[in-house]
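Worksheet for the structure shown next.
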Amino acid sequence: MPAISRDEVAHLARLSRLALTEEELDLYAGQLDSILNHVKAISEVAAADVPATASPNPATNVTRPDEVQPCLTPEQALSGAPAVEEQRFMVPQILGEGE
């Protein structure tokens, strides 16, 4: 017995406001039935003692520790800027005033 019937596909199409032809109803009923059968097979294999995961390989954080390093003073950083205002780089405006 199929997991989804052609009539159920037609009903779902109506609810979704999709206009499907007779051929499309037959095609999608077969495709959806295949998908649902695959999901059922996978559900049967999944064991209760296996935790759900997004990836079989554990992800680890590979970033370095956050440590203070010597850096430029604001004056040094801004010394090569073509325009400066209130210790900030001054750049041309690209958006309108109201945006």
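Values as computed for the structure displayed
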{"read-out": "Calculated FRET efficiency for the pair residue 61/residue 86, C-beta based, R₀ 41 Å, to 0.05", "value": "0.65"}
{"read-out": "Angle between the chain longest axis and helix 22-45 axis [Cα atoms, degrees, rounded to 10]", "value": "80"}
{"read-out": "Filtered GluC sites (Glu not before Pro), the range 25-88: DSSP coil and at most 14 other beta carbons within 10 Å", "value": "67, 86"}
{"read-out": "Choice from 16, 79, 43 showing the highest fluctuation, given a GNM over the chain with Cα pairs closer than 10 Å", "value": "79"}
{"read-out": "Cα gyration tensor, the chain - rounded (a/c under 1.5), prolate or oblate", "value": "oblate"}
{"read-out": "Loop-resident sites, the range 1-74, for trypsin sites (Lys or Arg not before Pro), counting at most 10 other Cβ within 10 Å (DSSP)", "value": "17"}
{"read-out": "Whole-number percent relative contact order across the chain, with pairs defined as alpha carbons under 8 Å at least 6 apart", "value": "17"}
{"read-out": "Fraction of accessible area attributable to carbon and sulfur, the range 1-67 (%, probe 1.4 Å)", "value": "59"}
{"read-out": "Residue-averaged 222 nm ellipticity for the chain, from DSSP H runs of 4+ at -39500 (n - 2.57), nearest 500", "value": "-12500 deg cm²/dmol"}
{"read-out": "Accessible surface, per residue, of the chain when the full set of protein chains is kept, probe 1.4 Å, Å²", "value": "94"}
{"read-out": "Cut-off under 5 Å, modelled amide H: who pairs with residue 84 long-range", "value": "90"}
{"read-out": "Backbone HN-Hα couplings from phi across the range 65-70 [Karplus 6.51/-1.76/1.60, Hz, Gly and Pro as x]", "value": "x, 7, 10, 5, 10, x"}
{"read-out": "Estimated FRET transfer efficiency (residue 13, residue 40; beta-carbon r; R0 22 Å; 0.05)", "value": "0.45"}
{"read-out": "Sequence ranges 51-58, 19-26, ranked by mean other-Cβ count within 10 angstrom, highest first", "value": "19-26, 51-58"}
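The values are calculated or read from the model by the stated rules, or taken from the named source; none is laboratory data. Computed from a predicted model, the values in this text were never measured in an experiment. Cβ: placed from backbone, ideal geometry, glycine included. Neighbour counts: every protein chain shown. Just the protein is used for accessible areas: all its heavy atoms, side chains included, with ligands, DNA and RNA removed. Shrake-Rupley method; radii C 1.70, N 1.55, O 1.52, S 1.80 Å.
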